[in-house]
Amino acid sequence: MASQDDANELDRAPSQGVGPVYMSSTDKPTATVSTQVSHQNITILPQTPQLIALLTMIRDKNTNRADFIFHSNRIIRLLVEEGLNHLPVREHIVTTPVGKTYNGVRFEGKICGVSIMRAGEAMEQALRECCRSVRIGKILIQRDEETSQPRLFYDKLPEDIADRWVLLLDPMLATGGSALMAVDVLRSKGVPEERICFLNLIASPEGAANFAKKFPKLRVVTAFVDKGLDEKNYIVPGLGDFGDRFYTL
Ligand code: PRP
Ligand code: URA
């Protein structure tokens, strides 16, 4: 049962009626939705009933690991599909089987994924499902549990990464320390910030602001900007430790 403190917290979070368009607004249940932020570099997925239901599932501490993986994967797939919208395309005209032309587009340029281990690896499968045989690099960064400071252990990246568009993968953006460190690694290999798109499941307002300030040309695609951080720099209301829930709990 929610405490009075919880109730006060929820009062301050943005909420709206969520449900199909044909339902009247009075019949729609009210749910907490993403905090809106004004940074130009961030795209928040539309707060559809599907997305809110999937997020509700993975935020629930009683959701077991199998369900956590299944529902996280569905959100991650939405993030990858949206992330691909931020890559450049060029004109591509094709002829259909009935002999007519269709003016379309096709993706331009080479891409690669880069996951921030461990949790970011959970996003690789969805990227592979959308982009067959995509190259994937890894950066092992771990956040110190006491200080919340990130530590870089190693990186293994495609040799020609400087010529590629990079989809950077990490489900949690808390202080932003880990993801910012990963971007520094990519930039040290010659990837300009405007060729990086960071795909993220839940962000804190602080993490989003840190990103926008340091790398304003880097695109961030997230499913949800949460209320904030707690005293241990965990995202609240959040979902706990993503890596533990996906891999070990
Ligand atoms: C988590 C998460 C991010 C980081 C976010 O990883 O996956 O990488 O913390 O926090 P920050 O924005 O404050 O840096 P963690 O280091 O706990 O390792 P894990 O992937 O093994 O769970
Ligand atoms: N890492 C997580 O997995 N969750 C948080 O809330 C913060 C960092």
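The values are calculated or read from the model by the stated rules, or taken from the named source; none is laboratory data. In this text, all values refer to a predicted model and were calculated from it rather than measured experimentally. Virtual Cβ from ideal backbone geometry, glycine too; neighbours counted across all protein chains shown. All accessible areas refer to the heavy atoms of the entire protein, side chains included, with ligands and DNA or RNA removed. Shrake-Rupley method; radii C 1.70, N 1.55, O 1.52, S 1.80 Å.
Name the residue that is nearest to ligand 2 (Cβ to nearest atom), counting only residues in region 99-143 that are in a strand (DSSP E or B) and among the polar types (S, T, N, Q).
Taking region 99-143 first, the residues in a strand (DSSP E or B) are 101-107, 110-117, 136-143.
Subset that is among the polar types (S, T, N, Q): 101, 103, 115, 142.
Values: Thr101: 49, Asn103: 44, Ser115: 14, Gln142: 10 Å.
Among those residues, the one meeting the criterion is Gln142.
Name the residue, out of Ala119, Ala66, that is touching a Phe, Trp or Tyr at 6+ places or on another chain (Cβ under 8 Å) and either open to solvent by 60 Å² or more (accessible area, probe 1.4 Å) or under 19 Å from Val221 (Cα atoms) (or both).
Numbers: Ala66 fails: touching a Phe, Trp or Tyr at 6+ places or on another chain (Cβ under 8 Å).
From the options Ala119, Ala66, the qualifying one is Ala119.
If you scan region 122-141, which residues turn out to be of a type outside the set (A, V, I, L, M) and free of Cβ contacts under 8 Å to residues at least 24 places away in the same chain? Lay out the reasoning, then the answer.
Taking region 122-141 and keeping what is of a type outside the set (A, V, I, L, M), we get 124-125, 128-133, 135, 137-138.
If the condition is that a residue be of a type outside the set (A, V, I, L, M) and free of Cβ contacts under 8 Å to residues at least 24 places away in the same chain, then Arg128, Arg132, Ser133 are the ones that fit.
With respect to Val33, is the statement that it is at pLDDT below 95 and either open to solvent by less than 30 Å² (accessible area, probe 1.4 Å) or more than 15 Å from the chain's Cα centre (by Cα) (or both) true? Break it down into steps so the answer makes sense when it comes.
Values: at pLDDT below 95: no; either open to solvent by less than 30 Å² (accessible area, probe 1.4 Å) or more than 15 Å from the chain's Cα centre (by Cα) (or both): yes.
No.
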Glu146 fails exactly one of (1) more than 18 Å from the chain's Cα centre (by Cα); (2) open to solvent by 40 Å² or more (accessible area, probe 1.4 Å); (3) more than 16 Å from ligand 2 (Cβ to nearest atom), namely (3)
Might you let me know whether region 74-85 holds any residue that is more than 30 Å from Arg151 (Cα to Cα) and part of a loop (DSSP other than H, G, I, E, B)? yes
Would you mention how many residues in region 94-109 are open to solvent by less than 90 Å² (accessible area, probe 1.4 Å) and modelled with pLDDT of 95 or more? 4
What residue, of Leu152, Leu199, is closer than 22 Å to Ala223 by Cβ and at pLDDT 95 or above? Leu199
So the check is Cβ under 8 Å with 6+ separation or different chains; which pairs have a first residue in region 235-249 that's within 19 Å of Asp144 (Cβ to Cβ) and a second one that's more than 9 Å from ligand 1 (Cβ to nearest atom) and open to solvent by 10 Å² or more (accessible area, probe 1.4 Å)? Gly238/Arg59; Gly240/Lys61
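In region 219-234, what count of residues is obtained for those that are in contact (Cβ under 8 Å) with a residue 12 or more places away in the chain and more than 23 Å from Gln47 (Cβ to Cβ)?
2
Do any strands (runs of 3 or more DSSP E) entirely within region 150-245 hold 2 or more residues that are open to solvent by less than 50 Å² (accessible area, probe 1.4 Å) and away from ligand 1 (no atom under 11 Å from the Cβ), and if so, which? Lay out the reasoning, then the answer.
Details: elements: 150-156, 164-169, 196-203, 219-225.
Ranges flagged: 164-169, 196-203, 219-225.
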